[in-house]
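Below is one structure, written out as structure tokens, with a few remarks after it.
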Amino acid sequence: MTVDLTALETAGTIASALLTLMVLSYILGDNVLFRIAVHLFVGVAAGYAGALALRTVLYPRLVLPLLSDGFSAITAAFVVSWVLALLLGLKAWPSTAWLGSLPMALLVGVGAALVVGGAITGTLVPQALATMDSLDPSAVAPLTGETGFERVANVLILLIGTISTLVYFRFTARRGPLGEALRSPLSIAVSFVGSVFIALTFGVMYAGALAAALAVLSERIQFLVGLARGLLGG
Amino acid sequence: MTMADVRCPMCSTINPADATACSVCGARLKPMIAGEAESLAGPPEPQEGEAGDWLARIRSEVERKAETSGEAPPRPGEPEWLNRLRPASGEEEGPPEGELPEWLSEEEGSAAGPSEAAPGEVPDWLARIRERQKTELEAAAEEAPPPSADDDWLGRLRREEFLPTEPEAPLGEEPEREAPPLGPRPPSRPLPPSSPPAPAAAPPPISATAPPSGRIPPPSGEKPAVSQAPPFMGISKDLLEGAMPKWLEGAGPSSDEGLPHMPALVAEEGLAVTPESASDLQMGSIDIPNWLGDLRKDAGVAPPDAGAPGDSLARATLPAWLEAMRPMDTFRPVVEIQAEDAQEVESAGPLAGLRGVLLAEPVVAMPRQPSYSGARLEVTERQFALADLIHRMVEQEASEVGPKPPARRRLPFSRWAIAGALFLAVALPALLGAPSLSVPTLVPPGLPALITLVDSLPGDRPVLLVFDYEPAYAGELDAVAGPLLEDLMQRDIRLATVSTRPSGPPLAERLIRRIGDAHGYLNGQDYVHLGYLPGGPAAVQLFARDPRESLAGGFLLAQEPTRRGMWSTPVLAGVQQFSDFGAVVIIAAGTEIARTWVEQAGPWTGASPLVMVASAGIEPLIRPYYEALNPQVDAVLSGLPAAVAYEQANGRAGDARLLWDSFGTGMLVAEMALILGGMYGAASFLLRSGTGTSES
């Protein structure tokens, strides 16, 4: 990995290297360098997000139409946008914060409706149908290129994993004489299989996260080594 | 009421003589057996032989007094005991009718205690009564017989009191006494009415003179026999010495004058027990049980409270064992017994005129707490345990938590060792170029489909790249997305970028510039940054519905960031809607944002493929969208190994290959650390289990 050592980029690269080292200093424990780096990242991110919102959202949508089109740009949607933006801005003061509840309610409501609707139509129903379709040994997924034997094996694993995981998350049971939950031995065995599947899933996700972190660490180490070589003329 | 009428024994209602049941309460008026008629009329007379000598003496005394006082013979049809009681009220000579003295008429209204009257205001009828009383007292004093051995009970009582060393014979060992047969109890004497206002010329109190009842007091210096009057009868010392209680001082001697003396088996509170009455009782002849004898020993010097006669009575309390068995708070534990003066006179029934009668009906009707068995909680053992647990939890909430002791600072040697090993493993290939790991020979299952998909993309339609990851993941995702971008640029496919994160557009510019420089890609001609898409899922759906209306301005545009200017660039020429893009490539590091794009924008892609370039951590959650029979994701590129394989397929080594050696050695060290850690944990568990087993 080569580093372009122009004047501006050199400063940026050195700052990046220092911040990387400051973050890595957390290996020694919580220290001032790590805290400075974290506060710097948070501050820069917030400032950048604010500036970006002002430049790419507020100015082009609330100010630029007036400057370019004049009063002809004032429409109902434009006025509603202005009112909602002003009300939302009033949340900065505690005495007028209640006025900002209306745009907040609108945002939360619309967002929740979209998320739930999208989850039902985009994930829940398609995935349930896909699970049922996947139990057909004769059907072969078009993109995986699996063979018939692999398909049967996948169907069995999918069936056992789905049922056992659902049984594991079954929290109802018959009440015993002392109030304890009584579950049949079959339910306990299937639940154990479900817990194995859940553990495997978590293990795979952890392995993926570890691989991603190692890739990032490798990139940072490569960056530091390349910077050191560039500074040292190697 | 005529003599033929019948009074109801239950409610005292007057009923006709021929009635068999009370017209009010329905109680039977005529007995079902012949013997009950007598019991209703009055207590039966004891049979001859059943009554002892004491009862015979009572009869003789009553008859003698009746003869001397000119008492009328008993009326036919009336019980004998009632005839004997009648002189108590009829013997008194009262004032003539209509000549009620003024002081009495005044006192009737106020119902106050006895008042002093002037001597000159005593009427003639009262003066006659007093004269006769005086005469009787004198005659009685002269006729008083010498105290017999049996009548000397008071003297013996005093001797026992003041000579405690004298052994007392148990009651059960007195053969010379004959216990009276248990028979009907003689009618108790009706209590005198409330003390009338005593005139000023009332005789001196009993404490100073002889008893006003005409009974002969024992001669001074001689004391009655103890056996005739047991100490538990509550005779006070003052009374034994001739003193009269204060409450009795107010009572005039005329109140008991002429009444037939009916000795009570139990001494009435506050009444003096004279030797005469004691001799009548013949208490010593009664076979008293041992427990009663013990009481007699203990009650020797306990004087009754003259001020409150009723207080000396034992309260009606339940014993402890019975109290424990009693239902909770259903009855009053103590029944208050009022003072004698405060007790009401029975006004109805066979006990009419008597004071101090146990009020059966008021006790029954006494308000009490309801005893609903259903109101009690039937708590099981488990419920009790849960309630106790909640109680302890609430108590713990209220308790103050002490300051936490400072944790002992320990140096994280294990963390340092693992970090050092990882750093060394990752840095060695970069510093020394060794070890060099071979590239993966196995191609990921979805990679050929992705390469085929990219090869089939139309060259006249731009590809939308969604840079939805944070800068922290740039090290991985830049290397993973690099081969795809390189492949697209090799085919001269125009690129448009967008991001729902503020840091997305700079990351896109950085990556495209780094890769596109080699392919001569220029901003505004070969690629364009649509910029930041604020609003989360709503903005994604809005952008998928109408891309031109959802974005206000681009990023790093060559001209003024206006909506028209951005969409008028040659890169976006021909793009009117979301499906006009040749493909949608989502580069995401999180599951949520990847799923948002699949859910919100997937239905609007049309025939355009949706490619997911994901971090290795979210690949398991993306796979279900890809491996379905009706896939929602058309291709997946995830992880550094897949990127290295893609680079090999492209025939050009990129960032993925540069990171491969460091990544490989780092993964090797991480896996070794995991294995060693697992072995250490298993060994610790086994050691703890063995220690616990040996201790148990």
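The values are calculated or read from the model by the stated rules, or taken from the named source; none is laboratory data. Remember, it's a predicted structure, so these values are computed and weren't measured experimentally. All Cβ positions, glycine included, derive from the backbone under ideal geometry; neighbour counts span all protein chains shown.
Residue check: A:Ala130 meets all listed conditions (1) touching a Leu at 6+ places or on another chain (Cβ under 9 Å); (2) of a type outside the set (Val, Ile, Thr); (3) without any contact (Cβ under 8 Å) to a residue 24 or more places away in the chain; (4) more than 14 Å from chain B (Cβ to nearest Cβ) but one, namely (4). Scanning the stretch B:389-419 for residues that are under 30 Å from B:Phe663 (Cα atoms) and within 11 Å of another protein chain (Cβ to nearest Cβ) yields a count of 7. The conditions are (1) at pLDDT 90 or above; (2) surrounded by 16 or more Cβ atoms within 10 Å (Cβ to Cβ), and A:Ser195 fails exactly one of them. Which is it? Here A:Ser195 clears every test but (2).
Hey, any hits in the stretch A:137-146 for a residue that's more than 10 Å from chain B (Cβ to nearest Cβ) and either surrounded by 12 or more Cβ atoms within 10 Å (Cβ to Cβ) or over 30 Å from B:Ser662 (Cα atoms) (or both)? I'd like the intermediate steps shown before the answer.
From the stretch A:137-146, those more than 10 Å from chain B (Cβ to nearest Cβ) are A:137-138; that's our starting set.
So of that shortlist, the ones also either surrounded by 12 or more Cβ atoms within 10 Å (Cβ to Cβ) or over 30 Å from B:Ser662 (Cα atoms) (or both) come out as A:137-138.
Looking through the stretch A:137-146, at least one residue is more than 10 Å from chain B (Cβ to nearest Cβ) and either surrounded by 12 or more Cβ atoms within 10 Å (Cβ to Cβ) or over 30 Å from B:Ser662 (Cα atoms) (or both).
Could you list, in sequence order, the residues of the stretch B:418-457 that are free of Cβ contacts under 8 Å to residues at least 40 places away in the same chain and within 60 Å of the chain's Cα centre (by Cα)? Result: B:Ala419, single match. For B:Pro505, indicate whether it is within 11 Å of chain A (Cβ to nearest Cβ) and within 60 Å of the chain's Cα centre (by Cα). It is false that B:Pro505 is within 11 Å of chain A (Cβ to nearest Cβ) and within 60 Å of the chain's Cα centre (by Cα).
Only one entry in A:Val57, A:Val115, A:Val63 is more than 10 Å from chain B (Cβ to nearest Cβ) and either under 24 Å from B:Arg595 (Cβ atoms) or free of Cβ contacts under 8 Å to residues at least 24 places away in the same chain (or both), namely A:Val63.
A:Ser164 meets the conditions (1) of a type in the set (Ser, Thr, Tyr); (2) crowded, with 18+ Cβ neighbours inside 10 Å; (3) facing chain B (nearest Cβ under 10 Å) in every case but one. The failed one is (3). Close contacts from the stretch A:75-93, counting a first residue that is free of Cβ contacts under 8 Å to residues at least 40 places away in the same chain and a second that is small (Gly, Ala, Ser), with Cβ to Cβ under 7 Å and a gap of 6+ residues or different chains, come to A:Leu87/A:Gly100; A:Leu88/A:Gly100; A:Leu90/A:Ala97; A:Leu90/A:Gly100; A:Lys91/A:Ala97; A:Lys91/A:Gly100.
To keep it simple, each residue is scored yes or no on (1) surrounded by fewer than 23 Cβ atoms within 10 Å (Cβ to Cβ); (2) assigned to a helix (DSSP H, G or I); (3) facing chain A (nearest Cβ under 7 Å).
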residue: B:Ala594; (1), (2), (3): no, yes, no
residue: B:Gly602; (1), (2), (3): yes, yes, yes
residue: B:Gly606; (1), (2), (3): yes, no, no
residue: B:Arg623; (1), (2), (3): yes, yes, no
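Could you please let me know if B:Gly520 is in contact with an Asp or Glu (Cβ under 8 Å, 6 or more places away or on another chain), away from every other protein chain (no Cβ under 13 Å) and surrounded by fewer than 16 Cβ atoms within 10 Å (Cβ to Cβ)? Let's see the steps before the verdict.
Working: in contact with an Asp or Glu (Cβ under 8 Å, 6 or more places away or on another chain): yes; away from every other protein chain (no Cβ under 13 Å): yes; surrounded by fewer than 16 Cβ atoms within 10 Å (Cβ to Cβ): yes.
Considered against the rule, which asks whether it is in contact with an Asp or Glu (Cβ under 8 Å, 6 or more places away or on another chain), away from every other protein chain (no Cβ under 13 Å) and surrounded by fewer than 16 Cβ atoms within 10 Å (Cβ to Cβ), B:Gly520 comes out as yes.
Of all residues in the stretch B:555-589, those that are within 11 Å of chain A (Cβ to nearest Cβ) and either at pLDDT 90 or above or within 60 Å of the chain's Cα centre (by Cα) (or both) total 1. The set of residues from the stretch B:431-458 being touching a strand residue (DSSP E or B) at 6+ places or on another chain (Cβ under 6 Å), at pLDDT 90 or above and outside any helix (DSSP H, G or I) comprises just one member, B:Leu457. Residues that are within 17 Å of A:Glu219 (Cα to Cα), more than 8 Å from chain A (Cβ to nearest Cβ) and in a helix (DSSP H, G or I) within the stretch B:648-668 comprise B:Ala656, B:Arg657, B:Trp660, B:Asp661, B:Gly664, B:Thr665, B:Leu668, listed in sequence order. Filtered by the rule that a residue be of a type outside the set (Val, Ile, Thr) and either surrounded by fewer than 17 Cβ atoms within 10 Å (Cβ to Cβ) or more than 10 Å from every other protein chain (Cβ to nearest Cβ) (or both), the stretch A:198-223 gives A:Ala199, A:Leu200, A:Phe202, A:Gly203, A:Tyr206, A:Ala209.
Does A:Ser187 satisfy being more than 10 Å from chain B (Cβ to nearest Cβ), in contact with a Lys or Arg (Cβ under 8 Å, 6 or more places away or on another chain) and surrounded by 12 or more Cβ atoms within 10 Å (Cβ to Cβ)? So A:Ser187 fits the description; yes.
Determine which member of the set B:Val540, B:Val498 is in contact with a strand residue (DSSP E or B) (Cβ under 7 Å, 6 or more places away or on another chain) and crowded, with 23+ Cβ neighbours inside 10 Å.
Working: B:Val540 fails: in contact with a strand residue (DSSP E or B) (Cβ under 7 Å, 6 or more places away or on another chain).
On inspection, the qualifying residue turns out to be B:Val498.
You will find that of B:Leu465, B:Leu477, B:Leu428, B:Leu422, the residue that is within 13 Å of another protein chain (Cβ to nearest Cβ), touching a strand residue (DSSP E or B) at 6+ places or on another chain (Cβ under 6 Å), surrounded by 16 or more Cβ atoms within 10 Å (Cβ to Cβ) and modelled with pLDDT of 90 or more is B:Leu477 and no other. Scanning the stretch B:625-647 for residues that are more than 16 Å from A:Thr131 (Cβ to Cβ), more than 7 Å from every other protein chain (Cβ to nearest Cβ) and assigned to a helix (DSSP H, G or I) gives B:Pro641, B:Ala642, B:Ala643, B:Val644, B:Ala645, B:Tyr646, B:Glu647. Apart from one condition, A:Thr172 fits all of (1) without any contact (Cβ under 8 Å) to a residue 12 or more places away in the chain; (2) more than 10 Å from chain B (Cβ to nearest Cβ); (3) surrounded by 15 or more Cβ atoms within 10 Å (Cβ to Cβ); the exception is (3). Does any residue of the stretch B:481-498 turn out to be within 60 Å of the chain's Cα centre (by Cα), farther than 16 Å from A:Ala212 by Cβ and within 14 Å of another protein chain (Cβ to nearest Cβ)? No, that holds for no residue. Just one residue in the set B:Val613, B:Val598 is facing chain A (nearest Cβ under 7 Å) and either outside any helix (DSSP H, G or I) or on the phi < 0 side of the Ramachandran plot (or both); that residue is B:Val598.
In the condition set (1) within 27 Å of the chain's Cα centre (by Cα); (2) among the β-branched types (Val, Ile, Thr); (3) surrounded by 12 or more Cβ atoms within 10 Å (Cβ to Cβ), A:Val125 is compliant with all but (3).
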